[in-house]
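Taking it in order: structure first as structure tokens, then the write-up.
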Amino acid sequence: MRMSSSLSMLAGLAVGMILGFLLPESAAVLSPAGTLWFNALRMTVIPIVAAQLIVGVNNRLPERELGALGGKAFGIFIAGLVYSAVASMALSTFFLQWAPAGAPASAQAPATVAASFGDWFAGLLPPNLFQAAAEGKLIQLILASIVFGLALRQLPETRRQAVLEVVEGCNEALLVVIRWTLRVAPLGIAGMGAALAVKLGKAAVGAFAFYIVFFSAVIVSITVVWYLLLIPRGGIWNWMRAIVPAQALAFSSLSSLGTLPLMIDIARDRLRLPEPNTRFVLPLAVSLFRFCTPAGHMAGALFIAHLYGIQLTAASLAWIIPTSVILSFSAPGIPSSGLLVALPVFQQLGLPAEGVGLLLAADAIPDMFKTSSNVTVHLAVATLTSTRLAESRAAADSGS
């Protein structure tokens, strides 16, 4: 999905809302088309999440890549993802105080924890996998996929590869379906926009304009912390100047993967990072570390809850944090993929699932900031692991 496609979805949302304002009866015609489009998108998400997790568990890395450097990098990934969700929750709550009023508060999202720890623990694995998928029981599906992926690792290599080829083939076919669906996204989003305009009136326009501004501000704010982490290393101003070309390319291309060759050049020639950090940590970060995904899940959930007048409980917000961290590793490698895997999160929270489709339409501008932020964080991780690796070697040398 290129930049023009992102803007076309935003245009579809605008056209749908205008039709809803001027011709309210048009919503009765357009809304079913929007629902059909969104159902086509929804049907692919659960299988893709499961397939990505199964394949990810079975990506056996070379021995060198499972050493101290990879462990430190992965530790930073987890800490960064948790921070992304928590900081986004705090900032979103703060910014939404000034959001245009949505629908009157009409419901409270169900708590996502069981009445007792024993019931919750007993329900971690589904008795019926297909029923769990139909009901969007996300934690059960995630754990079942991971267990199946770990079991595959115990099979003989030929049998394991045979199963993985089937899983990867299904995953690739589903990605083709998603690409087909996104090609007609402006039409589907127009139908959803018309229905929203009839329901919320002109306040919906101000609400989505506010979302674009406030979520972009959240992304910029949570990214600044990574600069602060690098200050003790020294030379922070030189580091900031060195990475500007990669940030600019990411901002305009909306592709972290497409920016990777330039990132490697910058890390090697401008930042003078060791080869393991440029050849291993950076590709690993681009492949696994989607820093902005938990932030998007949290901000999107809070915004849609505000828009539809739904009260999210503290338990619901706490549940988003670990769930979005795990889902960030299963997001397919396409723009705005973090929003696609948010569908079951919204369903589990009791939020309108079509809210994800509306956020997808409004994601054209925030996606620029998200991609630039991800590239910044990837380079920061490569630099931080280089510093820590150097410190550990110095300590080892002094000890000897």
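Computed from the coordinates by the stated procedures, all read-outs in this text should not be read as laboratory data. Bear in mind that the values here come from a model prediction, so they are computed numbers and not experimental data. No Cβ is skipped: glycine too gets one built from the backbone with ideal geometry, and neighbour counts run over all protein chains shown.
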In order through region 26-36: 3J(HN,Hα) via Karplus (6.51 cos²θ - 1.76 cosθ + 1.60), integer Hz, x for Gly, Pro:
5, 4, 5, 8, 7, 4, x, 5, x, 5, 4
When ranked by the protection proxy of mean other Cβ atoms within 10 Å per residue, highest first, what sequence do the peptides 12-21, 317-326, 189-198 form?
189-198, 12-21, 317-326
Report the local net charge at Gly20: Lys and Arg +1, Asp and Glu -1, summed over other residues whose C-beta lies under 15 Å from its C-beta.
0
Among 148-159, 23-34, what's the highest-first ranking by average C-beta atoms within 10 angstrom per residue?
23-34, 148-159
Over the Cα atoms of region 241-364, what is the Rg over Rh ratio if Rh follows Kirkwood?
1.07
Per-residue ³J(HN,Hα) for region 341-348, Karplus 6.51 cos²θ - 1.76 cosθ + 1.60, θ = phi - 60°, Hz, x for Gly and Pro
6, 6, 3, x, 4, 4, 4, 5
Listed peptides 359-370, 257-268, 42-53 by packing density, highest first (mean Cβ within 10 Å):
359-370, 42-53, 257-268
Rounded, prolate or oblate (a/c below 1.5 giving rounded, otherwise prolate when a/b exceeds b/c) for region 140-247 by Cα gyration tensor
oblate
Shape of region 285-328, Cα gyration tensor, a/c cut at 1.5:
oblate
